[in-house]
Amino acid sequence: MAGAVEEIVRRAGGCAVIDGGFATQLEALGADINDPLWSAACLITKPHLIKEVHMQYLEAGADVIISSSYQATIPGFLARGMLLEEAEGLLRTSVELALEARDEFWKSTLRKSKPVYNRALVAASIGSYGAYLADGSEYSGLYGEDITTEKLKDFHRRRLQVLASAGPDLIAFEAIPNKMEAQALVELLEEENIQVPSWICFSSEDDKNLCSGESFAECLQFLNASDKVAIVGVNCTPPQFIEGIIRELKKQTKKAIAVYPNSGEVWDGRAKRWLPAECFGHKSFDALAKRWQEAGASFVGGCCRTTPSTIRAVSKVLKGRTAYSATQI
């Protein structure tokens, strides 16, 4: 792992905490994200809320906060009538807001007599091509026969360049649903000689395969060969599959493993509402997080429908307040 990545895991006691659902918390603060840009729309309309969400997750104990750029794409902004320079500026803003929140929070932490946090890392989020399409293909990996590795590289290239130049500690490729896109991203990191350590997290609907049905083992063959990818894992995935996925990944790779699943609630498209989680049995999300750590995850957090309260509970169970240390990285 890259130095800063390895160090945050060490200072967190062996398992660093990733933040939780971003759009979920923006909605809780009153944002309207019913938009093709999803939470990235707030970069245009309410950037102060984005910074507030970052602050809430830092206060909850997150060691890694993820920028609001998951669904922020240059084509998406251009479709809103923006100029190229404006679109690229918004991408940079997504990282800058996270960096500002991290630095302000850290400064306030150091002023306390008994600081109890680590200095967090900022990960610049890059969602899948399917997230840009907003047609459900981010959950199936079915992009159509005319999509090639080269087309996917062309789609991601400028966004990656801009986000990497904005000063994040990590690049987070999130909810990647198929092997072709993962291959494109690995090749792109090499072609652009990106020096920021990256993670590639897949989306899955079971404990052995991507949403596309392709196996983790197939993807890890080329991920393992890349020194640009420091961390592999899954997000936006039902929590009941996470422990099995970690065990599968541990068989296939020596890279650090990150998992940040959904809350376990299920979206009912017909009724347009979330249904309660039924997969946990008697185990809470934080109790499961402890099992994920024990199974071998180095990074644990939450995705859709998780909140700062979720992350506070995860942070407490993984580290305990006494394990926090205000240490410069």
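The values are calculated or read from the model by the stated rules, or taken from the named source; none is laboratory data. Nothing here was measured: the structure is a model prediction, and the numbers come from that model. Here Cβ is always computed from backbone atoms with ideal geometry, including for glycine, and neighbour counts include all displayed protein chains. Side chains are part of the model used for accessible areas, which takes the heavy atoms of the whole protein and leaves out ligands, DNA and RNA. Shrake-Rupley method; radii C 1.70, N 1.55, O 1.52, S 1.80 Å.
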Beyond a 20 Å Cα-Cα separation, which of these cross-linked pairs lie in this structure: LYS290/LYS319; LYS208/LYS250; LYS151/LYS255? LYS151/LYS255
Cα-based convex hull, the chain, per residue volume (Å³, whole number): 125
Along the Cα→Cβ direction, 7 angstrom out, place labels at GLU100 and LEU29. What is the inter-label distance in nm? 1.1
State the extension gain, in nm to one decimal, for the chain segment bounded by GLU218 and GLU205, taking 0.36 nm per residue of separation less the distance between their alpha-carbons. 3.0 nm
Along the charge dipole of the chain, which of GLY141, GLN293, ALA230 sits closest to the positive end, that is, farthest toward it, with unit charges on the beta carbon of Lys, Arg, Asp and Glu (+1, +1, -1, -1)? GLN293
Accessible area of the range 184-265 with a 1.4 Å probe: how many percent of it is carbon plus sulfur? 42
Tally the DSSP beta bridges in the chain and give the antiparallel ones as a percent, rounded to 5. 15
Computed for the range 142-257: size of charge dipole around the Cα centre, +1 on C-beta of each Lys and Arg, -1 on C-beta of each Asp and Glu, debye to nearest 20, value 360
Among beta bridges assigned by DSSP with both residues in the range 128-283, the antiparallel ones amount in percent, to the nearest 5, to 20
Under a point spin-label approximation (7 Å from Cα along Cα-to-Cβ), what is the ALA79-LYS290 distance to one decimal in nm? 4.5
Can you give the extra length, in nm with one decimal, that the chain gains between ASP154 and ALA4 once fully stretched, where that is 0.36 nm per residue apart less the Cα-Cα distance? 51.1 nm
Which of rounded, prolate or oblate describes the range 1-142 when judged by the alpha-carbon gyration tensor and an a/c cut-off of 1.5? prolate
Once the dipole of the chain is set up from charges on Cβ (+1 Lys and Arg, -1 Asp and Glu), the residue from the list LEU160, SER67, PRO177 lying farthest towards its positive end is SER67
Taking a straight Cα-to-Cα line shorter than 22 Å from LYS51, and setting aside same-chain lysines fewer than 8 residues away, one finds LYS107, LYS112
Restricting attention to the range 121-229, which GluC sites (Glu not before Pro) occupy a DSSP loop and are surrounded by at most 13 other Cβ atoms within 10 Å? GLU145
Point-charge dipole on Cβ atoms (K/R +1, D/E -1) for the chain, about Cα centre, debye to 20: 1460
What helix-only [θ] at 222 nm does the chain give? Using -39500 (n - 2.57) per DSSP H run of at least 4, over all residues, to the nearest 500, the answer is -13000 deg cm²/dmol
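Could you provide, to the nearest whole Å², the per residue accessible area of the chain with probe 1.4 Å?
Using a 1.4 Å probe on heavy atoms only, each residue of the chain averages 41 Å².
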Mean separation of Cα contacts under 8 Å (at least 6 apart) over the residue count of the chain, i.e. the relative contact order in percent, is 22
Rounded to the nearest Å, the spacing of the alpha-carbon centers of the range 199-234 and the range 27-76 is 26
